[in-house]
1. Per residue of A:43-52, how many C-beta atoms from partner chains lie within 10 Å of its own C-beta, taken as a mean?
2. How large is the Rg to Rh ratio of chain A when both quantities use alpha carbon positions and Rh follows Kirkwood?
3. List the aspartates and glutamates whose Cα sits under 16 Å from the Cα of B:Lys78, skipping any in the same chain fewer than 8 residues away.
4. What number, in percent, do you get for the relative contact order of chain B if the mean sequence gap of Cα pairs under 8 Å and at least 6 apart is divided by its residue count?
5. Per residue, what volume in Å³ does the Cα convex hull of region B:5-99 take up?
6. Over the Cα atoms of region A:49-89, what radius of gyration and what Dmax do you get, in Å?
7. Once you wrap a convex hull around the alpha carbon atoms of the protein assembly as shown, what is its projected area averaged over all directions, in nm²?
8. Averaged over peptide B:36-45, how many Cβ atoms belonging to another chain are found within 10 Å of each residue's Cβ?
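Nothing in this text is a laboratory measurement; each read-out follows from the coordinates by a stated rule. Remember, it's a predicted structure, so these values are computed and weren't measured experimentally. Methodologically, a virtual Cβ is constructed for each residue, glycine included, from the backbone with ideal geometry; neighbour enumeration extends over all protein chains shown.
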Amino acid sequence: TQLLEQSPQFLSIQEGENLTVYCNSSSVFSSLQWYRQEPGEGPVLLVTVVTGGEVKKLKRLTFQFGDARKDSSLHITAAQTGDTGLYLCAGEGAGGTSYGKLTFGQGTILTVHP
Amino acid sequence: GAGVSQTPSNKVTEKGKYVELRCDPISGHTALYWYRQSLGQGPEFLIYFQGTGAADDSGLPNDRFFAVRPEGSVSTLKIQRTERGDSAVYLCASSTGLYNEQFFGPGTRLTVL
């Protein structure tokens, strides 16, 4: 059973469009992180959210942590071809599991066409 | 500064063989993590070290998998009697522990024939 459900799994859009990726769980997390991964490389951290209701912005990317700390979203405004990649959400400290153990969603593969 | 490095980058072995995968964390990072990523999936937690000790090894799938970090720096993931289902990318990450921000290496792609 996947503890963190990401949707959609695949997203193919045109440059300039907006998009939102969702990360949902029935478990409460102490923190939630978003990563971007390119082929042949490890995931690279984009942001960490720790407070329920928190919103963080990173240029054209907006991250939100749900009030109950069970879900999160990533919104990209005016997507660019350089945004193409695999986006992963990961939660820490779910359901009493030990800190340091990240639980990842299955990822969203984003393709931005010129 | 140097990031997390992993060797080898690719490893092809035959079913039943023994393999060792190495991880060099970022200097000064006390926490080290191993994950396994299958094609089309997110990374799956295997084991987490704080210093030399395994703080959480609940993700190791069975007793064929073992990891060590004898001096609190470099870590080795060891897989005995490899099976085709072990084929995956094995990722290593390290962190200072602060807010658990983990920095990942490029991974070792293991293929078991």
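1. Working: counts 10, 2, 6, 0, 1, 5, 0, 2, 0, 0.
Across the residues of A:43-52, the mean count of other-chain Cβ atoms within 10 Å is 3.
2. On the way: Rg = 13.5 Å, Rh = 14.1 Å.
In chain A, Rg relative to Rh is 0.96.
3. B:Glu14, B:Glu20, B:Asp24, B:Asp57, B:Asp63, B:Asp86
4. On the way: 288 pairs, mean separation 41.3, N = 113.
About 37 percent, as a whole number.
5. Values: hull volume 9.4 nm³, N = 95.
Value for region B:5-99: 98 Å³ per residue.
6. Expressed in Å, the Cα Rg and Dmax of region A:49-89 come to 11.2, 33.
7. Numbers: hull surface 49.4 nm².
That works out to 12.4 nm², a quarter of the Cα hull's surface.
8. Numbers: counts 0, 7, 1, 0, 5, 6, 17, 10, 3, 8.
Shielding by partners across B:36-45 averages 6.
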